[in-house]
1. Does D237 satisfy the condition of being touching a Phe, Trp or Tyr at 6+ places or on another chain (Cβ under 6 Å), at pLDDT below 95 and more than 18 Å from A154 (Cα to Cα)?
2. If I ask for residues that are aliphatic (A, V, I, L, M) and modelled with pLDDT of 90 or more, which ones from region 298-339 would you list?
3. Would you tally the residues in region 165-177 being more than 19 Å from the chain's Cα centre (by Cα) and part of a loop (DSSP other than H, G, I, E, B)?
4. Quick one: which strands (runs of 3 or more DSSP E) lie wholly within region 185-297 and hold at least 3 residues that are of a type outside the set (S, T, N, Q) and outside the structural domain of T53 (by TED's automatic domain parsing)?
5. Kindly provide the set of residues from region 269-284 that are surrounded by 15 or more Cβ atoms within 10 Å (Cβ to Cβ) and not hydroxyl-bearing (S, T, Y), ordered by number.
6. Looking at the structure I just gave you, is Y171 outside the structural domain of Y54 (by TED's automatic domain parsing), in contact (Cβ under 8 Å) with a residue 40 or more places away in the chain, among the hydroxyl-bearing types (S, T, Y) and more than 27 Å from H204 (Cβ to Cβ)?
7. Quick one: in region 80-100, of everything that is outside any helix (DSSP H, G or I) and in contact with a helix residue (DSSP H, G or I) (Cβ under 9 Å, 6 or more places away or on another chain), which residue is nearest to R231 (Cα to Cα)?
Amino acid sequence: MATRAGIDPMATIPVREAHTMEAARLGRWLEGRLPDAGALTIRQFSGGQSNPTYLLSTAGGRYVLRRKPPGALLPSAHAVDREFRILNALAGSAVPVPRALCYCDDPGIAGTPFYLMEYVEGRIFWNPALPGLTPPERAAIYEEMNRVIAAIHAVDPDAAGLADFGRRENYVARQIERWSKQYRASELERIESMEQLIDWLPRHVPPDEPARITHGDFRIDNLIFDRDELRIRAVIDWELATLGNAFSDFAYHCMPYRMPEPLRKGLAGLDLAQLGIPSEQAYVEKYLERSGRPAKLAPGTFDFYVAFNLFRLASILQGVAARARLGNASSEHATEAGSLTRPIADLGWAQARGVH
């Protein structure tokens with residue numbers, strides 16, 4: 001299994017002190033909601049930067065619990081209720097998702113609102129370069145990722161019962177405003193490239209597009225692959241899902257192409273052909289073909305969306321850094337992740353300067 005910093009991303013650890021729950025109280029709540037809910041044990045997944053995620057083992061099976069982190073939180077962040085809703089909406093669609101089981105908004109049960117879903121057995125890859133695999137295996141994984149993100153964007157929000165899952169107009173402009181506010185709310189120091197992006201982005205937004213379901217964080221480590229086949233069994237971490245701009249969502253997924261290897265294990269500078277990984281251009285063209293979009297984009301469109309998503313990622317990482325300082329981050333690697341805010345912002349501003 002691919003690892004990050006030597007850690008198996010599907011591995012669990014004892015529950016961190018900051019994220020403890022009263023097992024007896026939770027176990028009583030689960031009685032009648034799960035088959036054979038007795039003899040509950042709780043461990044925490046080692047990965048993740050946002051919502052604490054736990055493996056629950058009972059006499060009847062294994063389940064995954066995701067809840068809001070404790071402590072002071074940014075407005076509209078950690079929306080586990082929205083995650084639960086979209087998992088239910090996509091059940092049975094062409095998009096592979098875990099089966100959502102139950103939701104609880106009573107903070108007296110586990111300390112914060114949470115939901116429960118099925119445990120999906122499989123493997124997660126942390127590194128987009130997919131070390132240890134063969135070129136044909138890498139090609140197959142990229143083909144599968146491309147297929148699944150196109151499938152997400154092909155879902156009709158109205159038919160899925162998600163007509164009110166988000167506002168349909170001016171998605172990117174609203175996102176720029178939202179993440180600018182989120183960044184200001186968690187700002188720890190002045191970052192000049194973020195200041196430049198906050199000023200530049202609103203003035204260069206491309207024409208609006210019809211709203212589609214967007215995942216918001218579709219990257220390789222939010223995908224559970226089958227252990228025996230190069231097939232995605234579940235797309236996870238839907239916290240940022242909404243109705244929005246599908247191509248912006250896809251550009252976020254493509255960000256590793258523009259990142260150097262030391263920066264969040266990017267692909268820039270690697271020999272992609274030798275690795276068996278499609279070029280950025282080929283990958284984009286395949287998505288456009290699958291989505292029924294024009295084969296060619298207006299000049300600067302993709303670069304804008306990459307710059308916007310790097311800005312958005314920098315804002316998210318700033319929030320991770322702020323939670324780490326407050327002591328309520330979900331991962332022991334939160335400080336390390338937060339330290340990437342500045343270089344990600346610098347890369348975003350470099351992309352913006354290349355837009356013509």
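1. When the stated conditions are applied, D237 does not pass them.
2. Applying the first criterion (aliphatic (A, V, I, L, M)) to region 298-339 yields 298, 306-307, 310, 313-314, 316-317, 320-322, 324, 326, 329, 334, 337.
Result: V306, A307, L310, L313, A314.
3. The number of residues fulfilling the criteria is 4.
4. Working: elements: 212-214, 223-225, 232-235, 242-244.
Filter on region 185-297 gives 223-225, 232-235.
5. L270, L272, L275, G276, I277, P278, E280, V284
6. no
7. Taking the candidates together, the pick is P96.
To keep it simple, each residue is scored yes or no on (1) crowded, with 17+ Cβ neighbours inside 10 Å; (2) modelled with pLDDT of 90 or more; (3) among the charged types (D, E, K, R).
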{"residue": "L30", "(1), (2), (3)": "yes, yes, no"}
{"residue": "L34", "(1), (2), (3)": "yes, no, no"}
{"residue": "T41", "(1), (2), (3)": "no, yes, no"}
{"residue": "T53", "(1), (2), (3)": "yes, yes, no"}
{"residue": "S57", "(1), (2), (3)": "no, yes, no"}
{"residue": "R67", "(1), (2), (3)": "yes, yes, yes"}
{"residue": "P75", "(1), (2), (3)": "no, no, no"}
{"residue": "V80", "(1), (2), (3)": "yes, yes, no"}
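The values are calculated or read from the model by the stated rules, or taken from the named source; none is laboratory data. This one's a predicted model, so the numbers in the text were calculated from it and none came from an experiment. Methodologically, a virtual Cβ is constructed for each residue, glycine included, from the backbone with ideal geometry; neighbour enumeration extends over all protein chains shown.
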